[in-house]
Amino acid sequence: MASYIGRRKFLATLGVAAVWPLAARAQAYPSRPITIIVPTTAGGPPDTIARLLGERMRITLGQPIIVENVTGAGGTIGVGRAVRAEPNGYTLSIGHLNSHVFSGATYALTFDLVNDLEPIALLTTSPQVLIGRSSLPPNTLVDLIAWLKANPNATFGTVGMGGPGRVWGAHFQNIIGTRLQFVPYRGAASFVQDVIAGQVDLATPEGSNIVPHLRSGKIKTYAVLTKTRWTAAPEIPTVDEAGGPALYSPFWHGLWAPKGTPADVIAKLNAAVVEALADPAVHARLADLGQEIFPREQQTPQALGAFHKAEIEKWWPIIKAANIKGE
């Protein structure tokens, strides 16, 4: 009897020993700094959002959040680095419509944007806004369309040759029956400055890139490329209200981890993101930037996964039909 009891204690001890490392690992995460890879230049919307979230997530997670900008090839270099990282929760990928949707149709990727990433949370959205240089004669989108038909080869600034501005512009020119001259830039800040300087006629930057210029008189704003008006500038009509083609192009942001990251780690990261987005100071700062936070029920890994797939299914056929390629 004594030997039986002793054997049971021994087996129970083995069971505890087998489970303990997993439990200890879960409790210990994170035990060192976490890196968020931003696939765009410093100062752009993904970079700003990552830094705002990272500072607040540090409080919840108890570890610093390091933001690393890895640019190039429509964001694919940065996303690729995150995909190849160890799936341990210490390397994350923030991205948006361009880096995590459009790039898959415009570049030959060595990874799968859906199957090689674990969704963590949907973050924010901001509309693309059709803007023009202040000296353009038309003041409304209807008048702009008529002017573009009479003045083909107006210049149109885009980020690279395969980004959302290029895709929307290509669709727009085909619908209205004119030709645009697309001018590629490395970042939106550069072409916004050229629109302000009168060197480029039109562009469709993400709204947060033009917040400081909205009421300056330095640019003309023709429409937001969304179904609903933008809270940062509700006076700008939606594209269909303004009489344009109803191809909506909201510029949303999400957060991912490499495929295979443990579910408990994803849950802890998601909780930290949700807490950060609920912070009044973070909320106010994002609103100042023209960023709208997704509703709480959409801030889940499952919601990001479904939204991401739906965006790919919407945009990839449009991009491929237009034969748009990255640089």
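The values are calculated or read from the model by the stated rules, or taken from the named source; none is laboratory data. In this text, all values refer to a predicted model and were calculated from it rather than measured experimentally. Because the Cβ atoms are built from the backbone with ideal geometry, glycine has one as well, and the counts that use them run over all protein chains shown. In case anyone asks, the SASA skips ligands and DNA or RNA and just uses the protein heavy atoms, side chains included. Shrake-Rupley method; radii C 1.70, N 1.55, O 1.52, S 1.80 Å.
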Discussion item. Using each residue's phi in segment 221-229, evaluate 6.51 cos²θ - 1.76 cosθ + 1.60 at θ = phi - 60° and report the 3J(HN,Hα) Karplus result to the nearest Hz, with x for Gly and Pro.
Written reply: 10, 9, 5, 9, 8, 9, 6, 10, 5
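Taking only protein heavy atoms and a 1.4 Å probe, what accessible area per residue, in Å², does the chain have with all protein chains in place? Walk me through the intermediate numbers first.
Working: 14410 Å² over 327 residues.
Roughly 44 Å² per residue, with all protein chains present.
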Worksheet item: Quick one: length gained pulling residue 110 to residue 139 fully straight, 0.36 nm per residue minus the C-alpha distance?
Response: 5.9 nm
Discussion item. Can you give me the convex hull volume of the Cα atoms of the chain, divided per residue and expressed in Å³?
Written reply: 137 Å³
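Near residue 289, within a Cβ-to-Cβ distance under 12 Å, what is the net charge of the other residues, with Lys and Arg +1 and Asp and Glu -1?
Working: positive: 51, 285; negative: 47, 206, 288, 292.
It works out to a net charge of -2.
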Worksheet item: Cα to Cα, under 17 Å, and not fewer than 8 places away if on the same chain: which aspartates and glutamates meet these conditions relative to residue 149?
Response: 201
Worksheet item: For residue 183, which sequence-distant residues (separation of 5 or more, or a different chain) have an amide H within less than 5 Å of its own amide H, given hydrogens modelled in the peptide plane?
Response: 156, 157, 158
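If the limit is 22 Å between Cα atoms, which of 259/309; 227/314; 227/309; 268/314 go over it? Walk me through the numbers on the way to the answer.
Values: 259/309 16 Å; 227/314 15 Å; 227/309 20 Å; 268/314 31 Å.
As for pairs spanning more than 22 Å Cα to Cα, those are 268/314.
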Worksheet item: With θ set to phi - 60° and the Karplus curve 6.51 cos²θ - 1.76 cosθ + 1.60, what are the ³J(HN,Hα) couplings of segment 100-115 in order, to the nearest whole Hz, using x for Gly and Pro?
Response: 10, 10, 4, 4, x, 9, 10, 10, 8, 8, 9, 9, 9, 5, 9, 7
Practice prompt. Would you mind telling me the share, in percent, of accessible area of the chain contributed by carbon and sulfur at probe 1.4 angstrom?
Written response: 56 percent
Worksheet entry | Amide H contacts under 5 Å for residue 111, placed H, 5+ residues apart | none
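Using R₀ = 25 Å, calculate the FRET efficiency as 1/(1 + (r/R₀)^6) where r is the Cβ-Cβ separation of residue 59 and residue 302; round to 0.05. Can you show the working numbers first?
Numbers: r = 26 Å, r/R0 = 1.02.
Given R0 = 25 Å and the Cβ-Cβ separation, E is 0.45.
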Worksheet, complete the sentence: In vacuo Debye sum over C-alpha of segment 262-327, base-10 log of normalised intensity I(q)/I(0) at q = 0.12, 0.13, 0.24 Å⁻¹, listed in q order, is -0.50, -0.57, -1.00
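Express the relative contact order of the chain as a whole percentage, based on alpha carbon pairs under 8 Å and six or more residues apart in sequence.
Numbers: 618 pairs, mean separation 83.8, N = 327.
Across the chain, relative contact order equals 26 percent.
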Practice prompt. Determine the percent antiparallel among the DSSP beta bridges restricted to the chain, to the nearest 5.
Written response: 55 percent
Item to complete: Enumerate the amide H contacts of residue 121 below 5 Å, restricted to partners 5 or more residues apart or on another chain; note that Pro and chain-start residues carry no placed amide H.
Response: 255
Fill in: Euclidean distance between Cα centres, segment 263-327 to segment 159-225, Å
23 Å
Worksheet item: When the helix-only estimate is applied to the chain (DSSP H runs of n ≥ 4, each -39,500 (n - 2.57), divided by the residue count), what is the mean residue ellipticity at 222 nm, nearest 500 deg cm²/dmol?
Response: -13000 deg cm²/dmol
